[in-house]
Amino acid sequence: MTEQPRTAGQLVDELTSDTAQLVRAEVRRGQQEMLAKAKEASRGAALLGGAAVLGALAAGTSAAFAVRTLGKVLPAPSAAFLATVLYGGGAAALGAAGVAELKRIGSLLPEETIASVREDVRAARPGAGA
């Protein structure tokens, strides 16, 4: 048995349905890719958070225990300065590690999905060939 030729309306309906399915699939893929990148970036963000906490301690030198302990061996101003330098060094190390981690990950954009959508658009252009 031969198939009946499809009408223009049917072809438009199929095209609309196929396009909607493609868009939904690309959106899902983009969401999955961004979620994976966000999970990977969380370690770098946590390191930067740790750097911020230690930086706050360095700025305020509110760690009285460290200052008092060092004050037993050094004059009070020297003890406060040494505690500040130690906390500041820890903050700098964590900050550098966090930045390096985020640079390693690169862009948080769903690059694979963007490339796939570009390829879909190229294929859908008139004269693209089959």
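The values are calculated or read from the model by the stated rules, or taken from the named source; none is laboratory data. For clarity, every value in this text was computed on a predicted model and none was experimentally measured. FYI the Cβ positions are ideal-geometry reconstructions off the backbone, even for glycines, and counts take in every protein chain you see. Heavy atoms of the whole protein, side chains included, go into the accessibility calculation; ligands, DNA and RNA do not. Shrake-Rupley method; radii C 1.70, N 1.55, O 1.52, S 1.80 Å.
Applied to the range 5-21, the Karplus parametrisation 6.51 cos²θ - 1.76 cosθ + 1.60 on θ = phi - 60° returns per-residue 3J(HN,Hα) values of x, 7, 7, 4, x, 5, 4, 5, 4, 5, 4, 4, 5, 5, 5, 4, 5 Hz, with x for Gly and Pro.
First compute the accessible area of the chain with a 1.4 Å probe, then give the percent of it belonging to carbon and sulfur atoms. That share works out to 65 percent. In this label model, Arg28 and Phe81 are separated by 6.4 nm, measuring between points 7 Å along each Cα→Cβ vector. Could you tell me the calculated FRET efficiency between Glu111 and Thr16, based on Cβ-Cβ distance and R0 = 25 angstrom, to the nearest 0.05? Efficiency, rounded to the nearest 0.05: 0.35.
What is the calculated FRET efficiency for Arg68 to Ala93, with r their C-beta to C-beta distance and R₀ = 35 Å, to the nearest 0.05?
E between Arg68 and Ala93, to the nearest 0.05, is 0.90.
Accessible surface for the chain, divided over its residues, is 73 Å² per residue with a 1.4 Å probe.
Rg then Dmax, both in Å and based on the Cα atoms of the chain: 28.9, 101. Label zone (Ala45, point 7 Å along Cα-to-C-beta; backbone nitrogen cut-off 19 Å) within the range 3-37: 30-37. Note on the chain: dipole from Cβ charges, positive end direction compared against Gln31, Ala96, Gln4; the farthest Cα belongs to Ala96.
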